[in-house]
Amino acid sequence: LAQSLFALFASSLAISLVFAIIPLCHNVVVLAVVMAVAGLAMGCIDTISNMQLVKIYQKDSAIFLQALHFFVGFGALLSPLIADPFLSDTNCILSNSTANASSNLPHIRKSLVPHHPGNLSHYDLPMKGMVVTRVSYAFWIMALINLPVPIAVFFLLYKERMVPCFNGSSHPLLSADELAMETRPVDKDELSTPGQRPQAAGGHDDLFSCCQSRNFRGASYTYFAVHVTGALVLFMTDGIVGEYSGFVYSYAVEEPLSVVHKVAGYLPSLFWGFITLGRLISIPVSYRMKPATMVFINVVGVLVTFLLLLIFSSSVVFLFVGTASLGLFLSSTFPSMLAYTEDILQYKGCATTVLVTGAGIGEMVLQLLVGSIIHDRGSYSFLVCGMIFGCLAFTFYALLVFFHRMYPKPSPELDDASPDKAAVTEDTGQYQR
């Protein structure tokens, strides 16, 4: 826990520093390095937060994972609204010849030919002159908004007596016994007797345990198959989130839809809005519905939505309806898949790390792939790619269910009396120093 909290503190503080530095970067190489640091920090936060929720709450983690990812979507929806007042409606740089002539030149995104928004080769854009943008304020505001996060993590470290210089009179928030009683109905004497506390076995005993070869000894092929198929499902679904939010605007303004640029600009916001709404709805739903059922509804819903978008590809109204539907079905896929896969592996695998990594790679790779295909084949290929990715996600989910049925289940005797059971009980007391 100490490793995770220190990593969260460093990563969240790094994000505030990066956002404060970005407006000061006047060299593209420096900006690239700064953005790489931000990506590394966000990856650490994503992995550790998911891993610790699964580690602490185990079979009850689905609800907490849904809540976590609701705030992810809420942040993605809120941050553009914070930045919007500081975006310029004029060219960001006015050349010397135009600075005095006009103070209201059309912004580049509004001056594009409607059917060719990506072709900038014949536009003469000034590279030197008076800078008229105020976008730097948006970055500095985001840096300030993020500052309470590392402060809160440091406060938790302080309360848990994990800060070397401040471990005197502070009382921990929860003892190991109290946390165990909150998360699992076990006998308190079991936790308080040192002789009955064997070492935790497998997956989540420390931050780097997944890299240790001893965890793979004697593992069946289904153990690895569950990890791989779960990661591939998220590779596809998170990739769809990235490519759809990134290219739905470009698809809408192209033929045959030819949506007005301002109207098309609402599509990504609508998409993220329904992702956020879906994650909010999923918090109470996950209390009643199994994660496997939720993932099945999600992947089938994505597949059907893309099929209908292809059938009604000339309808602007259905593009908006389909965008909302797609956001709703994709919203709870990640937390539900994470809870489902960890449950299959009895919380002793490396599912959280593998799934987060697979999702991140999918979001990066599929955007590059779809962008290249749209450039070569036209805008209609955008929906075709989405349909293919949806089919692949459903196929990988079917394989995951197949390997789930083949995965060895612990016997009741082993589940009640074995060291593995005690190891899981021990592992819930993560707040003990």
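The values are calculated or read from the model by the stated rules, or taken from the named source; none is laboratory data. For clarity, every value in this text was computed on a predicted model and none was experimentally measured. Here Cβ is always computed from backbone atoms with ideal geometry, including for glycine, and neighbour counts include all displayed protein chains. In case anyone asks, the SASA skips ligands and DNA or RNA and just uses the protein heavy atoms, side chains included. Shrake-Rupley method; radii C 1.70, N 1.55, O 1.52, S 1.80 Å.
Exactly one residue out of Ser331, Ser315 is assigned by the TED database to the domain that holds Trp272, free of Cβ contacts under 8 Å to residues at least 12 places away in the same chain and either polar (S, T, N, Q) or open to solvent by 10 Å² or more (accessible area, probe 1.4 Å) (or both), and it is Ser315. Among residues of region 49-67 being more than 18 Å from Arg288 (Cα to Cα) and within 12 Å of the chain's Cα centre (by Cα), the one that is most open to solvent (accessible area, probe 1.4 Å) is Ser49. Summed over region 137-149, the residues that are within 16 Å of Phe71 (Cβ to Cβ) and either in contact (Cβ under 8 Å) with a residue 60 or more places away in the chain or not assigned by the TED database to the domain that holds Cys25 (or both) give a count of 4. If I filter region 229-240 for residues that are closer than 28 Å to Leu338 by Cα, open to solvent by 50 Å² or more (accessible area, probe 1.4 Å) and either assigned to a helix (DSSP H, G or I) or touching a residue at least 12 places away in the same chain (Cβ under 8 Å) (or both), do I get at least one hit? Within region 229-240, one or more residues are closer than 28 Å to Leu338 by Cα, open to solvent by 50 Å² or more (accessible area, probe 1.4 Å) and either assigned to a helix (DSSP H, G or I) or touching a residue at least 12 places away in the same chain (Cβ under 8 Å) (or both). In region 3-48, what residues are open to solvent by 60 Å² or more (accessible area, probe 1.4 Å) and part of a loop (DSSP other than H, G, I, E, B)? Answer for region 3-48, where residues must be open to solvent by 60 Å² or more (accessible area, probe 1.4 Å) and part of a loop (DSSP other than H, G, I, E, B): His26, Asn27. Taking region 348-433 as the region of interest, the helices (runs of 4 or more DSSP H) fully inside it that hold 1 or more residues being at pLDDT 90 or above are 351-377, 381-406. Of the residues screened, Met406 is one that is touching a residue at least 12 places away in the same chain (Cβ under 8 Å), open to solvent by 60 Å² or more (accessible area, probe 1.4 Å) and over 29 Å from Leu270 (Cβ atoms). Determine, yes or no, whether Glu255 is surrounded by 19 or more Cβ atoms within 10 Å (Cβ to Cβ), of a type in the set (Asp, Glu) and in the same structural domain as Gly371 (by the TED database). Judged against the criteria, Glu255 is not a match. Any residue that is in a helix (DSSP H, G or I) and touching a Ser or Thr at 6+ places or on another chain (Cβ under 7 Å) - is there at least one of those in region 305-319? Yes, that holds for at least one residue. Take region 264-285 and flag every residue that is over 15 Å from Phe329 (Cβ atoms), in a helix (DSSP H, G or I) and open to solvent by less than 60 Å² (accessible area, probe 1.4 Å). Those that are over 15 Å from Phe329 (Cβ atoms), in a helix (DSSP H, G or I) and open to solvent by less than 60 Å² (accessible area, probe 1.4 Å): Ala264, Leu267, Pro268, Ile283. Scanning region 354-380 for residues that are surrounded by 17 or more Cβ atoms within 10 Å (Cβ to Cβ) and more than 23 Å from the chain's Cα centre (by Cα) returns Ile374, Ser379.
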